C-alpha cells in the first residue's frame with residue numbers, strides 16, 4: 001500500500017518537477033532528508049529518488065528552463081564552503097589506506113555541497129525562502145511526527161533506533177537532527193497564512209519534541225534544553241517563546257518513562273559513565289591522529305579502522321590525561337563529535353575551516369538582525385534568521401557528542417542564512433518597492449510590529 005501511495009505521489013510530483021526547475025530543486029532537497037526507501041516495502045523502495053530529481057534540476061538549469069534564476073556570485077559563505085571542499089578533497093586523495101569509506105563519504109559530501117551552491121541560483125525571494133523551510137519541515141518533520149506519535153501511544157515506551165542507511169541511522173544522530181528542525185517548525189507555525197496549516201506545523205512541532213524524548217539521546221536532550229533557553233533569550237515574542245518552552249517541559253514530564261529520567265541523570269556523573277568515557281577515548285584518538293597529520297588529517301572516518309585506532313597510545317593524544325584508569329575499547333569507534341570528527345579526518349586546518357563556516361553562520365544572522373532593526377516590513381526576515389541560527393546552534397551543541405559533521409541539512413541551513421542576507425540587502429537598496437505575491441501584512445495597531453505572512 002505504501003508503494004502504491006508513493007507511486008501516486010510521484011505521478012503528480014514528477015510532471016511538476018519537469019516543468020519547473022525550482023520545484024525539482026525542492027523535491028531534490030526533500031528526498032535527501034525524508035529517506036523515502038526506508039519507508040517503502042516493495043518496488044518503490046529501490047528507486048533513487050534523490051539522484052533523479054538532482055539530475056532533473058541540473059538538466060533544466062543547463063537547458064535554460066528555470067524561471068527567475070539569479071546569476072551565481074561568490075559570497076562569503078560560498079567561498080568558505082569551497083575552501084573547505086578543496087581541503088577535504090586533498091585530504092581524501094591523501095587518506096590513509098585503511099580509510100575504507102573515504103571516497104563514499106567524500107562523494108556524499110560533494111553531492112550535498114552541490115545542492116547548497118545551486119541554492120544561490122534559485123532562492124532569491126521570500127516565497128522561495130519560505131518554500132525551502134517547508135521542504136526541510138516536510139522531511140525532518142515527517143520523521144518527528146511518525147516517531148512522536150509512536151512515543152505518544154506507547155506513553156513514552158517507544159524507543160527510536162534511527163533511520164538505517166542514512167546519516168540518521170543512530171538514535172543520537174536522529175535526535176540531534178530533529179532538534180535542528182524545532183525552530184524551523186516554530187517559524188512556520190508563526191508565519192503560515194492558512195490556519196489549518198499553522199496548526200499542522202504546531203502539531204508536528206509537539207510530536208517532534210516527543211520524538212526527541214523517544215530517541216533516548218542525552219545529547220539531543222541537552223541540545224533541546226539549551227535551544228529552549230536560547231529561544232527565550234533571543235525571541236522577539238518572549239511570552240510566546242516561554243509558553244512553548246513550558247508546553248515542551250510539560251510533555252517531557254508527563255510522557256517520559258522512569259528509565260528516561262535515569263538515563264538523563266547520568267549527565268551529571270559523566271566521568272563514571274562508560275559510554276561517555278568511550279567518547280573521551282575516541283576524542284583522544286582523533287587528537288593523536290591530528291597531531292601526526294596536522295594539515296590534512298587521515299581521511300574520512302579513517303580513525304574507525306583498527307589499524308589507526310590501535311596504532312596510537314593514550315599518551316599520544318591531547319586528552320589522554322582525562323582517561324585515568326578507565327578501561328580502553330577493544331574495537332575502533334566513531335569520533336562521537338563533529339569537532340573531533342573533522343579534526344581526525346582533515347587535521348587542524350580542516351577543523352579551522354569547519355569552525356569558520358560555523359562562525360560565519362552566526363555572524364550572518366547578526367548582520368540580518370542589524371539590517372532589519374528599523375524595517376518593520378522585514379521583521380519576518382529577522383525571525384527567519386533567528387530560526388535558522390537556532391537550528392545551527394542546535395547542531396553545534398548536539399553535534400558535540402555525535403559524528404554528524406557532514407549532515408546535509410546543516411549546510412543547507414548555513415546557505416539559507418546567506419541567501420536570506422542577500423535578499424535583505426537587495427530589499428534595502430533604493431527604489432525597490434516591489435510587493436511579493438501571496439504575502440500580506442497583518443493588521444496591527446500603529447507602532448506595533450507588522451508581521452508579514454507567507455503562504
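FYI, it's all coordinate maths here, none of it is from the lab. If you're wondering where the values come from, they're calculated on a predicted model, not measured in any experiment. Cβ coordinates were reconstructed from backbone atoms using ideal geometry, including for glycine residues, and neighbour counts include every protein chain displayed.
Laid out as a table, the results:
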{"read-out": "Rounded tilt (10° steps) of 379-398 against the dominant C-alpha axis of the chain", "value": "10"}
{"read-out": "The chain: calculated mean residue ellipticity at 222 nm from DSSP helix runs of at least 4, using -39500 (n - 2.57)", "value": "-22500 deg cm²/dmol"}
{"read-out": "Between helix 338-371 and the chain: long-axis angle, C-alpha atoms, 0 to 90°, nearest 10", "value": "30"}
{"read-out": "Residue order, fewest to most beta carbons within 10 Å, for 340, 221", "value": "221, 340"}
{"read-out": "Paramagnetic label zone (point 7 Å from Cα along Cα-to-C-beta, residue 322; backbone N under 16 Å) in the stretch 212-229", "value": "219"}
{"read-out": "Cα-based helix-to-principal-axis angle, 76-93 vs the chain, degrees rounded to 10", "value": "30"}
{"read-out": "Two-decimal ratio, the stretch 1-69, of alpha-carbon radius of gyration to 2.2 N^0.38 Å", "value": "1.13"}
{"read-out": "Label-point separation, residue 93 to residue 68 (7 Å along Cα→Cβ), nm", "value": "4.1"}
{"read-out": "Listed values [x] 17; [y] 36; [z] 23, entry calculated as percent of Cα pairs over 41 Å apart", "value": "[x]"}
{"read-out": "Footprinting exposure proxy for 199, 283 (fewest neighbouring C-beta atoms within 10 Å first)", "value": "199, 283"}
{"read-out": "Contour minus Cα-Cα distance for residue 107 and residue 14 (0.36 nm per residue)", "value": "30.9 nm"}
